[in-house]
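S.K.: Mind looking over this structure? Questions follow.
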Amino acid sequence: MDKSNILEIKDLHVTFYTEDGVVRALHGVSYDVPENETLGVVGESGCGKSVTALSVMRLLPRPQARVEQGEIWFRDKDTGEEINLLNLPEEHMRHIRGNKISMIFQEPMTALNPVYTVGDQIEEAVLIHNPKMSQKEARERAIEMLKTVGIPAPEKRVDDFPHQMSGGMRQRVMIAMALSTNPEILIADEPTTALDVTIQAQILELMNKLQEQFGMSIILITHNLGVVAQNADKIAVMYLGRIVEKAPVREIFHDPKHPYTEGLLASVPRLDKGGLKEHLPGISGSLPSPYNPPPGCKFHPRCPYAFDKCRVEEPPQVEISPGHTVCCWLHTKEETRHE
Amino acid sequence: MSDNNSDVLLEVNDLVKWFPIKRGFFGGVQGNVKAVDGVSFKIKKGEILGLVGETGSGKTTIGRLVLRLIPHTKGQVLFDGIDITAMDYSKFRPMKKDMQIIFQDPYSSLNPRMTIGEIIAEPLIVHTKMSTKEREKRVYELLELVTLRPEHARRYPHEFSGGQRQRIGIARALALKPRFIVADEPISALDVSIQAQITNLLIDLQGRLGLSFLFIAHDLSVIKHMCDSVLVLYLGKVMEYGTNADIFQQSRHPYTQALLSAVPVPDPDYKRDRILLQGEIPSPIDPPSGCVFHTRCPYATDKCKTDVPELREVAPGHLVACHYA
Amino acid sequence: MNYLIKRILELIPTFLIATLIAFILFSLVGDPFEGMRQDPRLASQVERLKRIYGYDKDPVTRYFLWLYNFFKGEWGYSIMAKRPVFNVVVERIPVSLAMGVANTVLSTLFGILLGIYSALHLYSTADYAATALVFFGMSMPSFFFGVLGLFFFVISWPLFNVGLMTPGFHPEMANLLEKTIEYGRHLMLPILLLTVLGMGGFVRYARSSMLEVLNMDYIRTARAKGLPENVVVRKHALRNALIPIVTLLALTLPGVLGSAPITETIFSINGLGKLFIDALGANDQMTLMANLVISIVLVIFGNLLADILYTVVDPRVSLE
Ligand SMILES: Nc1ncnc2c1ncn2[C@@H]1O[C@H](COP(=O)(O)OP(=O)(O)OP(=O)(O)O)[C@@H](O)[C@H]1O
Ligand SMILES: Nc1ncnc2c1ncn2[C@@H]1O[C@H](COP(=O)(O)OP(=O)(O)O)[C@@H](O)[C@H]1O
Ligand SMILES: [Mg+2]
Ligand SMILES: [Mg+2]
């Protein structure tokens, strides 16, 4: 593992075996999560963002999903050990899940158990990873965490049931719960997609503040380019189970190399520029069915620059500048392109 | 907005909608959800009016009121100068074909047991006396208009992607050649690249067919991209109302400014003053006194807690409901 | 609390309307006492009974008279047993209650357990067996199953007894233990059959409820916390899965008192169910009416109980 990374995903292949057919949900996904930084993962629905995250947590739906290949290396800061999460016995994985790697989800309305108070649910997370702690200490910790995430009157709200809170507050509770164990990585899977922009801004601000306060890495998964632009240090762009481009945030937004990244950026109307009723260049066509992906480069049916080679062979990943990689025949060397 | 009245297609005056809250089997009315509370606006022919606001601010309710899909509590909705809220339903029925709606959810708004052709032809059967031949021709025309292919007419909704279903919804809304369309978050459920395609399609159709739109969205970037004029709602009340430039270049209401500053911009180097709103939208059952926004307004004074600000014209056609605008 | 009182007060009109409908239906069938004229020993009483139960007055007055008498414990005269209905019905309650309680407890308990087990072990042998049982229990008519049981376990292979009581058994002389054994020997088979038949619904309900809950987002959250799977299931899934089942349980309350007329008849058990069938045959309207009212009361209270239980198990629902 690279010294500056806390997590490295290497060549991950995940397949779903369903009644409707076989879906290769991930096909050689690799990305690194740098320590104390935020990695933004963007892409449209179904491209495999959540499946990658769930693979890290080892929470893929069983028995349909199978990890066919790959490694997920995690550096345990306490012991300094590097461990491949995919080889870990379930017992051991439980000490990492929710403790060293926490995750929050898209739907704050349904992510909390309706029959227990939010306090109970936070205490439970604290106690399972700190068996020596007393019930009372766990409750104090829960109140402290609710306060940290900006819930007013936490001593009172700790006894609320989830339905007594709004969506924004529940997402704060989820964050409080996820951070109550001081994790090294927080995986946030579309944490603000279901929320209003004003509440989204509050939650993102909170995550940034807590990252500084607790010193952790964040994997911020979203389909909203604006969200990652202002909250991530590095970006990975996914399309149909592959990472098509990876780069530091500025390069992705100012100098995108992959036609898909370029198309995504050209799809969103912007507050800072663009005229009224102007045509949005965007991307033509629609996502191919995951059961029946096209041959060659998966993006070629929608790519304005596609040429013959794109239709038959998948492009390899090439590094075009330090930390900036892209999978596209346009950016491979001339000789490999026409061989 | 002080233009010649003959240009105005839809005029809404002081529209109010309260939903009574009832409790129990024998329980009486225990209060009202003040979903829409005195809203006025005009939509000119060929104009898109954008409606924005946080969840629960009353956007959908207004959309349904102006189409008379739900009864109103008070106020007027004038379509072509005729008050459609006051007239008999039987008289209103023939006017319905001039006013159509496109829904947010392309998955649930199409009947799964009807073919696309049947779905699009349905309003034609109900409202016109077209022959089967004419109907078929019109369906093909409509499919072409929304860039679908004629052979799609024989397929069922589940065979289509989200973007294609939204196109079908648009074709259905256009079947009767309406002059006015309410689009309630027509792109929010779609993928980014598909959002762009549908946005382009709507703009194109609006220009070509000279349609008027009431366009509901919570994404201000989309509103800025599409709408000629904009109405900012908060708790069922108008906070600010003006042209695209009024709202996006010189907004005067702190709520509009806060909304704008919360929109994520896809540029890591974009800098601006952020107004981070505290708290959340209060309950419309028991809205705050004075200015309804005062509980979250960073500039609120004592006056704001007691006095309701009136919607003032701060520049021609630019209206703001704030004591300090 | 206020709500609870209101909810209970609401039961009154429900009860009145339901009984009124039953009453009107019986009025349409005709005068119950006319049939008695054929019997010379009873003929003299016809006029007197008609007067007592208001058959000489208009139907509305008669209904209120019936209602008044009902609450006094005067439920009418059984032309079949030639005794007051109240006595006839009350005698039948213990055996029906014993059978109903045993059957309800067993079928819900085993039904829910099996349903949850099969949801947790999807596509295992136990799951397929449970599905088969559901299918069997829900499609097999009880009289067919009953006759089959009678044939195998009473006639061919006499493991159980039928009918109550064994000749020479004197309930008034037996102690509690003897009574229990006597009841047990006779009721075992019908209870078993009713349990197997009744379980099906609960298995299916519990299984689908549990499966639904296991797919909920909050279960994923619980797993993501690092909880062991058994805690996830026991603490987070089970309680939620039981919420709809608890309501269903309350709604089975009427089943506790003789909703098994066919089974009781087949096994010659003199319970309320068999009484109903017999009374039907004899056009014994007042007995039928009493039987019906018991069911109405149980259904109404079952509904109330379901509402109250709901608020106990689900914090989202409050009595306010
Ligand atoms: N049928 C109804 N009965 C009672 N209250 C209602 C009803 N429909 C809407 N409301 C209430 O009216 C208010 C406005 O609702 P509306 O659906 O118009 O909001 P919206 O601005 O469209 O929100 P969103 O962005 O979530 O779509 C809300 O407080 C809502 O709860
Ligand atoms: N439980 C599942 N069963 C079958 N296929 C699944 C399941 N979950 C995800 N997939 C498939 O895996 C792919 C990636 O999905 P996901 O990671 O959820 O996408 P997203 O990027 O929107 O989070 C999709 O093609 C999806 O259809
Ligand atoms: Mg996802
Ligand atoms: Mg709405």
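The values are calculated or read from the model by the stated rules, or taken from the named source; none is laboratory data. Because the structure is predicted, anything quoted here is derived from the model rather than measured. Cβ coordinates were reconstructed from backbone atoms using ideal geometry, including for glycine residues, and neighbour counts include every protein chain displayed. Surface areas here come from the heavy atoms of the whole protein model, side chains and all, with no ligands, DNA or RNA. Shrake-Rupley method; radii C 1.70, N 1.55, O 1.52, S 1.80 Å.
S.K.: Kindly indicate whether B:Phe215 is facing chain A (nearest Cβ under 10 Å) and not acidic (Asp, Glu).
M.R.: Values: facing chain A (nearest Cβ under 10 Å): no; not acidic (Asp, Glu): yes.
Taking the combined requirement at face value, the residue does not satisfy it.
S.K.: Right, next: For B:His158, state whether it is within 16 Å of ligand 2 (Cβ to nearest atom) and more than 11 Å from every other protein chain (Cβ to nearest Cβ). Reasoning before the result, please.
M.R.: Working: within 16 Å of ligand 2 (Cβ to nearest atom): yes; more than 11 Å from every other protein chain (Cβ to nearest Cβ): yes.
Answer is yes for this residue.
S.K.: Name the one entry in B:Thr60, B:Thr55 that is open to solvent by 20 Å² or more (accessible area, probe 1.4 Å), more than 14 Å from every other protein chain (Cβ to nearest Cβ) and more than 16 Å from ligand 2 (Cβ to nearest atom).
M.R.: Just one listed residue meets the conditions, B:Thr60.
S.K.: Does A:Leu85 satisfy the criteria of being open to solvent by less than 30 Å² (accessible area, probe 1.4 Å) and either at the interface with another protein chain (Cβ under 10 Å from one of its Cβ atoms) or within 14 Å of ligand 3 (Cβ to nearest atom) (or both)?
M.R.: On the way: open to solvent by less than 30 Å² (accessible area, probe 1.4 Å): yes; either at the interface with another protein chain (Cβ under 10 Å from one of its Cβ atoms) or within 14 Å of ligand 3 (Cβ to nearest atom) (or both): no.
In short, no.
S.K.: Just to check your reading of the model, which residue among A:Leu220, A:Leu225 is touching a residue at least 60 places away in the same chain (Cβ under 8 Å) and open to solvent by less than 10 Å² (accessible area, probe 1.4 Å)? Explain how you work it out, then say what you get.
M.R.: Details: A:Leu225 fails: open to solvent by less than 10 Å² (accessible area, probe 1.4 Å).
Criteria check complete, one pass: A:Leu220.
S.K.: Moving to a separate point now. Within the range B:252-263, restricting attention to residues that are part of a loop (DSSP other than H, G, I, E, B) and open to solvent by less than 20 Å² (accessible area, probe 1.4 Å), which residue is nearest to the other protein chains (Cβ to nearest Cβ)? Outline the logic, then answer.
M.R.: Within the range B:252-263, the first condition is being part of a loop (DSSP other than H, G, I, E, B), and the residues that meet it are B:252-253, B:263.
Next cut, open to solvent by less than 20 Å² (accessible area, probe 1.4 Å) only: B:253, B:263.
Values: B:His253: 14, B:Val263: 5 Å.
The selected residue is B:Val263.
S.K.: Exactly one of (1) under 18 Å from the mean Cα position of the chain (by Cα); (2) at pLDDT 90 or above; (3) open to solvent by less than 40 Å² (accessible area, probe 1.4 Å) is unmet by B:Arg68. Its number?
M.R.: The single condition B:Arg68 does not satisfy is (3).
A quick yes/no check of all residues on (1) within 14 Å of chain A (Cβ to nearest Cβ); (2) without any contact (Cβ under 8 Å) to a residue 60 or more places away in the chain:
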| position | (1), (2) |
| --- | --- |
| C:Leu176 | no, yes |
| C:Gly201 | no, no |
| C:Ala222 | yes, yes |
| C:Arg239 | yes, no |
| C:Ile269 | no, no |
| C:Asp278 | no, no |
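S.K.: Please enumerate the residues belonging to the range A:146-189 that are in a loop (DSSP other than H, G, I, E, B), open to solvent by 20 Å² or more (accessible area, probe 1.4 Å) and more than 27 Å from A:Asn36 (Cβ to Cβ).
M.R.: Within the range A:146-189, A:Pro152, A:Ala153, A:Asp159, A:Asp160, A:Phe161, A:Ser166 qualify.
S.K.: Whether any residue in the range A:46-64 is assigned to a strand (DSSP E or B) and either within 16 Å of ligand 1 (Cβ to nearest atom) or out of contact with any helix residue (DSSP H, G or I) (no Cβ under 7 Å at 6 or more places or on another chain) (or both) is what I want to check.
M.R.: So the first thing to find is which residues in the range A:46-64 are assigned to a strand (DSSP E or B), and the list is none.
Scanning the range A:46-64, I find no residue that is assigned to a strand (DSSP E or B) and either within 16 Å of ligand 1 (Cβ to nearest atom) or out of contact with any helix residue (DSSP H, G or I) (no Cβ under 7 Å at 6 or more places or on another chain) (or both), so the answer is no.
S.K.: Search the range A:100-140 for residues being more than 28 Å from the chain's Cα centre (by Cα) and of a type in the set (A, V, I, L, M), and hand back the single one that is nearest to the other protein chains (Cβ to nearest Cβ). Break it down stepwise before answering.
M.R.: Here is the first cut: in the range A:100-140, the residues more than 28 Å from the chain's Cα centre (by Cα) are A:115, A:131-140.
Keeping just the survivors that are of a type in the set (A, V, I, L, M) gives A:115, A:133, A:138.
Working: A:Val115: 5, A:Met133: 15, A:Ala138: 13 Å.
Checked the range A:100-140; the qualifying residue nearest to the other protein chains (Cβ to nearest Cβ) is A:Val115.
S.K.: Can you find a residue in the range A:185-198 that is out of contact with any Lys or Arg (no Cβ under 9 Å at 6 or more places or on another chain), under 14 Å from A:Ile218 (Cβ atoms) and either within 16 Å of ligand 1 (Cβ to nearest atom) or aromatic (Phe, Trp, Tyr) (or both)? Steps first, please.
M.R.: So in the range A:185-198, the residues out of contact with any Lys or Arg (no Cβ under 9 Å at 6 or more places or on another chain) come out as A:186-188, A:191-197.
Checking the rest, the ones that are also under 14 Å from A:Ile218 (Cβ atoms) come to A:186-188, A:191-192.
Within this subset, residues satisfying the condition of being either within 16 Å of ligand 1 (Cβ to nearest atom) or aromatic (Phe, Trp, Tyr) (or both) are A:192.
Looking through the range A:185-198, at least one residue is out of contact with any Lys or Arg (no Cβ under 9 Å at 6 or more places or on another chain), under 14 Å from A:Ile218 (Cβ atoms) and either within 16 Å of ligand 1 (Cβ to nearest atom) or aromatic (Phe, Trp, Tyr) (or both).
S.K.: Restrict the check to the range B:49-61 and report whether at least one residue is acidic (Asp, Glu), more than 30 Å from B:Gly279 (Cα to Cα) and away from ligand 3 (no atom under 16 Å from the Cβ).
M.R.: Residues of the range B:49-61 that are acidic (Asp, Glu), as a first pass: B:54.
Next cut, more than 30 Å from B:Gly279 (Cα to Cα) only: none.
There is no residue in the range B:49-61 that is acidic (Asp, Glu), more than 30 Å from B:Gly279 (Cα to Cα) and away from ligand 3 (no atom under 16 Å from the Cβ).
S.K.: Quickly run through the range B:189-207 and pick out the residues that are within 16 Å of ligand 3 (Cβ to nearest atom) and more than 8 Å from chain A (Cβ to nearest Cβ).
M.R.: Correct list: B:Ala189, B:Leu190.
S.K.: Could you tell me which of the residues C:Tyr68, C:Tyr63, C:Tyr3 is open to solvent by 70 Å² or more (accessible area, probe 1.4 Å) and in contact with a Leu (Cβ under 7 Å, 6 or more places away or on another chain)?
M.R.: C:Tyr3
S.K.: Since B:Arg93 meets every condition but one in (1) open to solvent by 40 Å² or more (accessible area, probe 1.4 Å); (2) within 30 Å of B:Asp7 (Cα to Cα); (3) in a loop (DSSP other than H, G, I, E, B); (4) not small (Gly, Ala, Ser), which condition does it not meet?
M.R.: All conditions pass for B:Arg93, except number (3).
Residues are listed down the side, and each one gets a yes or a no for (1) more than 8 Å from chain B (Cβ to nearest Cβ); (2) on the phi > 0 side of the Ramachandran plot; (3) in contact (Cβ under 8 Å) with a residue 40 or more places away in the chain:
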site: A:Ile252; (1), (2), (3): yes, no, no
site: A:Pro256; (1), (2), (3): yes, no, no
site: A:Thr261; (1), (2), (3): yes, no, no
site: A:Ala266; (1), (2), (3): no, no, no
site: A:Pro269; (1), (2), (3): no, no, no
site: A:Asp272; (1), (2), (3): no, no, no
site: A:Ile283; (1), (2), (3): no, no, no
site: A:Ser286; (1), (2), (3): no, no, no
site: A:Tyr291; (1), (2), (3): yes, no, yes
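S.K.: Out of the residues in the range B:162-210 that are part of a loop (DSSP other than H, G, I, E, B), closer than 18 Å to B:His225 by Cα and touching a strand residue (DSSP E or B) at 6+ places or on another chain (Cβ under 6 Å), state the one that is least open to solvent (accessible area, probe 1.4 Å).
M.R.: B:Pro186
S.K.: Something else: Which of the numbered conditions does A:Gly70 fail, given that it passes all the others? Conditions: (1) outside any helix (DSSP H, G or I); (2) within 14 Å of ligand 3 (Cβ to nearest atom).
M.R.: (2)
S.K.: Taking the range A:211-242 as the region of interest, how many residues are in a strand (DSSP E or B) and within 12 Å of another protein chain (Cβ to nearest Cβ)?
M.R.: Selection size over the range A:211-242: 6.
S.K.: Of all residues being within 14 Å of chain B (Cβ to nearest Cβ) and of a type in the set (S, T, N, Q) in the range A:179-199, which is farthest from ligand 3 (Cβ to nearest atom)? Just the residue, please. Steps first, please.
M.R.: Taking the range A:179-199 first, the residues within 14 Å of chain B (Cβ to nearest Cβ) are A:190-199.
Narrowing further to those that are of a type in the set (S, T, N, Q): A:192-193, A:198.
Details: A:Thr192: 13, A:Thr193: 9, A:Thr198: 23 Å.
So the residue we want is A:Thr198.
S.K.: Without any contact (Cβ under 8 Å) to a residue 40 or more places away in the chain and open to solvent by 20 Å² or more (accessible area, probe 1.4 Å): which single residue out of B:Ile275, B:Ile285 fits that description?
M.R.: Working: B:Ile285 fails: without any contact (Cβ under 8 Å) to a residue 40 or more places away in the chain.
Exactly one residue qualifies, and that residue is B:Ile275.
S.K.: Continuing with the same structure: So, C:Leu242, is that one under 19 Å from the mean Cα position of the chain (by Cα), assigned to a helix (DSSP H, G or I) and buried (at least 17 other Cβ atoms within 10 Å of the Cβ) or not?
M.R.: Working: under 19 Å from the mean Cα position of the chain (by Cα): no; assigned to a helix (DSSP H, G or I): yes; buried (at least 17 other Cβ atoms within 10 Å of the Cβ): yes.
No.
S.K.: Residues in the range A:32-47 that are modelled with pLDDT of 95 or more and either within 16 Å of ligand 2 (Cβ to nearest atom) or within 11 Å of another protein chain (Cβ to nearest Cβ) (or both): how many?
M.R.: Looking only at that region, the number is 4.
S.K.: Given the conditions (1) touching an Asp or Glu at 6+ places or on another chain (Cβ under 8 Å); (2) touching a residue at least 24 places away in the same chain (Cβ under 8 Å), and given that B:Leu205 satisfies all but one, which numbered condition is not satisfied?
M.R.: Against the list (1) touching an Asp or Glu at 6+ places or on another chain (Cβ under 8 Å); (2) touching a residue at least 24 places away in the same chain (Cβ under 8 Å), B:Leu205 comes up short only on (1).
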